[in-house]
Amino acid sequence: MSVLNKISYFQNRRDEVPNKELAKTLAETENKAGIAELVANLKHKNKSVQSDCLAVLYHIGYVKPHLIADYVEDFLALLKSKNNRLVWGGMIALSTIAELKTKEICANLDTVKQAIDKGTLITVVWGVKAIAKIASSNKSCKPDVVPILLSQLKKCIPRDVAMHFENSLPAIDDENKAMFLRIVEDRKKELTTSQLSRLKKAMKNL
């Protein structure tokens, strides 16, 4: 039985509740056929259908990433889409499976970097999370990932410094710690009291 009619669009809903409910059901039953149907409809002619299918997929990824991990190439392809909703949704999906598919994502690091450089904040946030996970799991990829993380930390707006530092933590080790700390020390003067407090808390987690 088709699962497509259960997404928000075909339920005549503009909220995410049907998508989340469908994701929960598919994850609990490990319905691989239903998941495959959603992936196939990432290329649906209707953009709302594409978006809803992707939302269901990354919500599945939050709880059972192994169920969507084999579709890593499909998610990577979305990073080149002209539809920003698909770009950041694809990045969220990649972040959920990053530790399972480090080799594949690392092989496409240029594509990920371009999406981060050109993307909106949500793309950047989840992109940083994704590549930081890769760096922590794949030592051969870490030298290529760390400069991207440092660049984002250096150029992001003050409000996002603590968040980017938090999300970069999996990639920070004894070899590169000084570079990360140097940047955040330089940026402390730009931060509000609450922003600085959040950053200091993250720094303690090193």
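Values in this text are rule-based calculations from the coordinates and carry no lab data. These numbers come from a predicted model, not from an experiment. Every residue, glycine among them, receives a Cβ derived from its backbone with ideal geometry; neighbour counts consider all protein chains shown.
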Please verify whether residue 147 is surrounded by fewer than 21 Cβ atoms within 10 Å (Cβ to Cβ) and in contact with a Ser or Thr (Cβ under 8 Å, 6 or more places away or on another chain), treating the condition exactly as stated. no
Residue ID - farthest from residue 144 (Cα to Cα), chosen from residues in the range 174-206 that are assigned to a loop (DSSP other than H, G, I, E, B) and free of Cβ contacts under 8 Å to residues at least 24 places away in the same chain: 174
Suppose we keep only residues that are small (Gly, Ala, Ser) and crowded, with 24+ Cβ neighbours inside 10 Å within the range 90-109. Which one would you say is nearest to the chain's Cα centre (by Cα)? 95
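Every residue in the range 103-162 that is hydroxyl-bearing (Ser, Thr, Tyr) and not in a helix (DSSP H, G or I), please.
120, 140
With more than 26 Å from residue 78 (Cβ to Cβ), touching a helix residue (DSSP H, G or I) at 6+ places or on another chain (Cβ under 8 Å), among the acidic types (Asp, Glu) and surrounded by fewer than 18 Cβ atoms within 10 Å (Cβ to Cβ) as the only criterion, which of 190, 185, 175 stands out?
Result: 190 is the single residue among 190, 185, 175 that is more than 26 Å from residue 78 (Cβ to Cβ), touching a helix residue (DSSP H, G or I) at 6+ places or on another chain (Cβ under 8 Å), among the acidic types (Asp, Glu) and surrounded by fewer than 18 Cβ atoms within 10 Å (Cβ to Cβ).
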Inside the range 171-191, can you point out the residues that are over 13 Å from residue 203 (Cβ atoms) and aliphatic (A, V, I, L, M)? 171, 179
So the check is Cβ under 8 Å with 6+ separation or different chains; which pairs have a first residue in the range 143-159 that's β-branched (Val, Ile, Thr) and a second one that's not in a helix (DSSP H, G or I)? 146/176
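Would you mind stating whether residue 99 is closer than 30 Å to residue 56 by Cβ and among the acidic types (Asp, Glu)? Spell out the reasoning first.
Numbers: closer than 30 Å to residue 56 by Cβ: yes; among the acidic types (Asp, Glu): yes.
Judged against the criteria, residue 99 is a match.
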